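Visitor: Take a look at the following structure, please.
The values are calculated or read from the model by the stated rules, or taken from the named source; none is laboratory data. None of the values given here were measured: they were computed from a predicted structure. Note that each Cβ is placed from the backbone with ideal geometry, even for glycine, and that neighbours are counted across all protein chains shown. Protein only, heavy atoms only, side chains kept; ligands, DNA and RNA dropped before computing areas. Shrake-Rupley method; radii C 1.70, N 1.55, O 1.52, S 1.80 Å.
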Amino acid sequence: MIRFPEPAITHMPRPLDADTFFDLLGQGCEIFAPGCAGHSLLFETWLRASPERCAGLRFTGVHIPTVNTFDFAGLHPQTRQRTIFLSGDLRASWLDGRVDYLPLTYTATWRWLREVVSFDTVLVQVAPPDDDGNCSLGLACDFTPAAWPRATRVLAHINPRMPRTRGPSIPLARITAAIEQDMPLLEIPDPPADPAMDAVAAQVATLVDDGATLQLGLGRLQSAVLRAVRDRRNLRIHSGMVSDGLLGLLESGALSAAPDAVVAGVALGTQALYDVAQRNISFREVGHTHDHSILGAIPRLTAINSALSIDLLGQVNGEFLSGRQLSGVGGLPDFLQGARQSPGGRGIIALPASTPKGESRIVPVLPAGPVSLARVDADCIVSEHGVADLRYLDVHARARALIAIAAPEHRHALETSWQELSLRL
């Protein structure tokens, strides 16, 4: 039963159960399903239980690789999924031709959802309504605010475990049908400490001063960097996503005391992070967190992101491994552009110099095909062997700077390759 306080709501959503859920989905084929902690495990349970009722539907969402592992397209041979990340979890459906991959940045995706595409149904997981009858989007405020206003109907899982956070919400009166049910939230703990990434993070930390504003991606690099900067003071966070690494900054006193010291679109971690989200995180939509003009106005914005490989021209690969696409560009180009515009800002790409198999991640030239960042976007590249500041360097000095932070056993081969490559430039 949905409970809401005074004042009275003029429109109440109709009750939602599994049969009603599929009846409403069947009234239009285009479905928006949020990712990160906005993904409802209750709705997933219903979909898995009745895959035959998903025939003819297409699910669209920003589903993060290794986080949102549910393959909507795998529900039925006539079900499709549209995404900006082509993860390994979708590989089988991709090979079967049921995945529509859009190579878009976060800001381009936001504009597409807000201004171009419309959905028959938007699925949401929200907190119970507040005194004004608004249901907070809780821990996942990234793209849903762009999708739901243009949708024909909104189906809501009102989850008492979803914290009511400072950020976007949906009026209860705008929800077509809803079910209130206590269910676990999606939890993704930080990965364990990794010596190679800790060594990279130690180099990155040399570029982080007191009072800087940090942006970091999800995963081993983020957690390692946040451990490495716990002795800084008056730090701020402006990021698309924050994880459990934020807890260490809170405990160490590294963060600014300002009420908006942490701004993020999504919190994705464990219950310990979710318990402090309401008090310590200001949630905003992608139209704010990734907006180039907003980012450019933040002093000393330090954007720190990882990559799979980089070549001696300064081109960055963050998506392909062994010839297969494993991800997408996401918000990387947006944050790099914002950091370049920021007074005193830096755009940092950090990666171990070698793969676990000992292969160099710094290569002569990336294979033919898409690159995540062009060489004109290169700023600062960091490995465990040092920092290569590529700004304003000519192509030869740029190559030398990158070779200097490669693993020592690969430097000679890289030097030889550059001598041959430079003759063809």
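Visitor: Given (1) open to solvent by less than 10 Å² (accessible area, probe 1.4 Å); (2) in contact with a Leu (Cβ under 6 Å, 6 or more places away or on another chain); (3) under 18 Å from G167 (Cα atoms), identify the lone condition not met by M241.
Guide: Only one criterion in (1) open to solvent by less than 10 Å² (accessible area, probe 1.4 Å); (2) in contact with a Leu (Cβ under 6 Å, 6 or more places away or on another chain); (3) under 18 Å from G167 (Cα atoms) is unmet by M241, namely (1).
Visitor: Still on this structure, I have one more. Considering every residue within the stretch 373-385, establish whether at least one is touching a residue at least 60 places away in the same chain (Cβ under 8 Å), of a type in the set (S, T, Y), over 30 Å from I84 (Cα atoms) and not in a loop (DSSP other than H, G, I, E, B).
Guide: Within the stretch 373-385, none of the residues are touching a residue at least 60 places away in the same chain (Cβ under 8 Å), of a type in the set (S, T, Y), over 30 Å from I84 (Cα atoms) and not in a loop (DSSP other than H, G, I, E, B).
Visitor: I need every pair where a residue in the stretch 290-313 that is within 28 Å of S422 (Cα to Cα) has its Cβ under 8 Å from the Cβ of a residue that is of a type in the set (V, I, T) and open to solvent by 20 Å² or more (accessible area, probe 1.4 Å), sequence separation at least 6 or different chains.
Guide: If the second residue must be of a type in the set (V, I, T) and open to solvent by 20 Å² or more (accessible area, probe 1.4 Å), the pairs left are S309/V363; I310/V363; D311/V363; D311/V365; L312/V363; L312/V365; L313/V365; L313/V395.
Visitor: Could I ask something else about it? Here's a check for you: in the stretch 83-109, which residue that is part of a strand (DSSP E or B) and crowded, with 19+ Cβ neighbours inside 10 Å is farthest from the chain's Cα centre (by Cα)?
Guide: Per the criteria, the residue is V99.
Visitor: Let me ask you something else. Just to verify a result, which residue in the stretch 40-73, among those that are touching a Ser or Thr at 6+ places or on another chain (Cβ under 6 Å) and among the hydrophobic types (A, V, I, L, M, F, W, C), is farthest from A18 (Cα to Cα)?
Guide: Top of the filtered list is A73.
Visitor: If you take the residues of the stretch 72-81 that are open to solvent by less than 30 Å² (accessible area, probe 1.4 Å) and not polar (S, T, N, Q), which of them is farthest from W46 (Cα to Cα)?
Guide: Applying the first criterion (open to solvent by less than 30 Å² (accessible area, probe 1.4 Å)) to the stretch 72-81 yields 72-73, 75, 79, 81.
Still in the list and also not polar (S, T, N, Q): 72-73, 75.
Details: F72: 12, A73: 15, L75: 11 Å.
Per the criteria, the residue is A73.
Visitor: Considering each residue of the stretch 387-412, count those that are in a helix (DSSP H, G or I), free of Cβ contacts under 8 Å to residues at least 12 places away in the same chain and of a type in the set (A, V, I, L, M), and give that number.
Guide: Qualifying residue count, the stretch 387-412: 1.
Visitor: Only one of (1) surrounded by fewer than 19 Cβ atoms within 10 Å (Cβ to Cβ); (2) outside any helix (DSSP H, G or I) is not met by T416, so which one is it?
Guide: Condition not satisfied by T416: (2).
Visitor: Exactly one of (1) open to solvent by less than 30 Å² (accessible area, probe 1.4 Å); (2) farther than 20 Å from G347 by Cβ; (3) of a type outside the set (V, I, T); (4) not in a helix (DSSP H, G or I) is unmet by P259. Its number?
Guide: (1)
Visitor: Applying the selection to the stretch 271-296, what residues are open to solvent by 40 Å² or more (accessible area, probe 1.4 Å), under 13 Å from A339 (Cα atoms) and outside any helix (DSSP H, G or I)?
Guide: Matches in the stretch 271-296: D291 only.
Visitor: With the requirement that a residue be aliphatic (A, V, I, L, M) and either buried (at least 24 other Cβ atoms within 10 Å of the Cβ) or part of a strand (DSSP E or B) (or both), what does the stretch 302-312 give you?
Guide: A303, I304, I310, L312
Visitor: Of the residues that sit in the stretch 319-335 and are outside any strand (DSSP E or B) and surrounded by 24 or more Cβ atoms within 10 Å (Cβ to Cβ), which one is modelled with the lowest pLDDT?
Guide: Residue satisfying both the conditions and the ranking: G328.
Visitor: Now for a different question. Which number in (1) part of a loop (DSSP other than H, G, I, E, B); (2) surrounded by fewer than 22 Cβ atoms within 10 Å (Cβ to Cβ) marks the one condition that G248 misses?
Guide: (1)
Visitor: Can you give me the number of residues within the stretch 110-124 that are open to solvent by less than 50 Å² (accessible area, probe 1.4 Å) and either in a loop (DSSP other than H, G, I, E, B) or touching a strand residue (DSSP E or B) at 6+ places or on another chain (Cβ under 9 Å) (or both)?
Guide: 8
Visitor: Kindly indicate the residue of the stretch 390-413 that is among the basic types (K, R) and open to solvent by 40 Å² or more (accessible area, probe 1.4 Å) and also farthest from S309 (Cα to Cα) among those meeting that condition.
Guide: It comes out as R391.
Visitor: Would you pick out the residues in the stretch 353-379 that are out of contact with any Leu (no Cβ under 7 Å at 6 or more places or on another chain) and open to solvent by less than 10 Å² (accessible area, probe 1.4 Å)?
Guide: Matches in the stretch 353-379: A353 only.
Visitor: Looking at the stretch 28-45, is at least one residue open to solvent by 40 Å² or more (accessible area, probe 1.4 Å), in a helix (DSSP H, G or I), farther than 15 Å from G328 by Cα and of a type in the set (V, I, T)?
Guide: Looking for residues that are open to solvent by 40 Å² or more (accessible area, probe 1.4 Å), in a helix (DSSP H, G or I), farther than 15 Å from G328 by Cα and of a type in the set (V, I, T), one finds at least one in the stretch 28-45, hence yes.
Visitor: May I pose another question? Applying the selection to the stretch 208-238, what residues are in a strand (DSSP E or B) and either open to solvent by 20 Å² or more (accessible area, probe 1.4 Å) or aromatic (F, W, Y) (or both)? Before you say what the answer is, go through the steps one by one.
Guide: Here is the first cut: in the stretch 208-238, the ones in a strand (DSSP E or B) are 213-216, 235-238.
Once the filter is applied, which keeps residues that are in a strand (DSSP E or B) and either open to solvent by 20 Å² or more (accessible area, probe 1.4 Å) or aromatic (F, W, Y) (or both), the stretch 208-238 yields only R236.
Visitor: I'm checking my understanding of the structure. Among residues of the stretch 61-71 that are open to solvent by 30 Å² or more (accessible area, probe 1.4 Å) and either of a type in the set (K, R) or more than 13 Å from the chain's Cα centre (by Cα) (or both), which one is farthest from G328 (Cα to Cα)?
Guide: Among them, the one singled out is D71.
Visitor: So which residues in the stretch 145-200 are within 18 Å of C36 (Cβ to Cβ), assigned to a loop (DSSP other than H, G, I, E, B) and either among the polar types (S, T, N, Q) or open to solvent by 50 Å² or more (accessible area, probe 1.4 Å) (or both)?
Guide: N159, R161, R164, T165, P184, E187, P189
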